[in-house]
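Step one of this worksheet: look at the structure below.
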Amino acid sequence: MFVTPGYAQETAPAEGELQTEIVQDEGHGEAGFPPFDTSTYPSQLLWLAITFGLFYLFLQKVVLPRIGNILEVRRDRIAHDLDQAARNKEEADAAVAAYEQELADARVKAHGIAQEAQDAAKADAEAERKSVEADLEQKLVEAERRIATVRETAMKDVGTIAEDTAGAIVEALIDRKPDDAAVAAAVSQVR
């Protein structure tokens with residue numbers, strides 16, 4: 001065991017023996033706690049000023065520049081990130097504008113295609129209507145011609161029927177057969 005001379009006994013213990021006695025220094029316990037001793041205040045204040053001065057210089061020369069660099073790097077990174085975000089936003093806005101323009105163009109094109117299809121359908125319907133009308137007109141002309149033929153035939157037959165009927169009536173009235181030419185002349189005057 002190492003013992004300092006100020007606290008040790010006058011005689012050192014022999015080797016292998018332990019010191020069992022407690023030695024007290026009479027002058028040591030009377031002064032009190034050294035930091036509260038008023039006689040040491042000037043030296044304590046001097047060392048406090050020197051310590052804080054060195055600490056201040058250490059902060060100013062080493063710590064604060066490093067913190068400043070860190071803050072500057074962080075500020076630059078944030079500015080770069082904000083610039084990148086602004087560029088990305090502009091690109092996104094441009095993409096949205098291009099999408100909306102393409103969508104509007106597609107709608108106009110679709111409307112044009114629909115209008116063309118509608119016009120083509122109208123033209124086809126008009127052509128079909130004209131074809132049907134022409135066909136109906138042709139059928140109407142033919143029907144009128146047939147009706148005229150049937151009427152002519154009927155009118156011819158009506159004349160013959162009228163002559164036969166008139167001849168039969170006259171024969172029934174006068175009991176003799178009238179002249180066919182006279183009956184035909186009388187029927188044609190009535191017509």
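The values are calculated or read from the model by the stated rules, or taken from the named source; none is laboratory data. Fair warning: this is a prediction, and the values are worked out from it, not measured in the lab. Please note: Cβ atoms are built from the backbone with ideal geometry, for glycine as well, and neighbour counts cover all protein chains shown. Each accessible area value is taken on the protein alone, full model and side chains, heavy atoms only, with ligands, DNA and RNA left out. Shrake-Rupley method; radii C 1.70, N 1.55, O 1.52, S 1.80 Å.
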Hey, any hits in region 68-89 for a residue that's among the β-branched types (Val, Ile, Thr) and either open to solvent by 100 Å² or more (accessible area, probe 1.4 Å) or in contact with a Lys or Arg (Cβ under 8 Å, 6 or more places away or on another chain) (or both)? no
Which pairs have Cβ atoms under 7 Å, sit 6 or more apart or on different chains, and link a residue in region 162-186 that is of a type in the set (Val, Ile, Thr) to one that is in a loop (DSSP other than H, G, I, E, B)? 170/178
Looking at 21, 26, 10, 15, which one is modelled with pLDDT of 60 or more, open to solvent by 90 Å² or more (accessible area, probe 1.4 Å) and assigned to a loop (DSSP other than H, G, I, E, B)? 15
Let me confirm something: among 184, 166, 172, which residue is of a type in the set (Gly, Ala, Ser), surrounded by fewer than 11 Cβ atoms within 10 Å (Cβ to Cβ) and assigned to a helix (DSSP H, G or I)? 172
Charged (D, E, K, R), at pLDDT 95 or above and either surrounded by 10 or more Cβ atoms within 10 Å (Cβ to Cβ) or out of contact with any helix residue (DSSP H, G or I) (no Cβ under 7 Å at 6 or more places or on another chain) (or both): does that describe residue 126? no
Over region 147-163, the set of residues charged (D, E, K, R) and open to solvent by less than 100 Å² (accessible area, probe 1.4 Å) is 157, 163
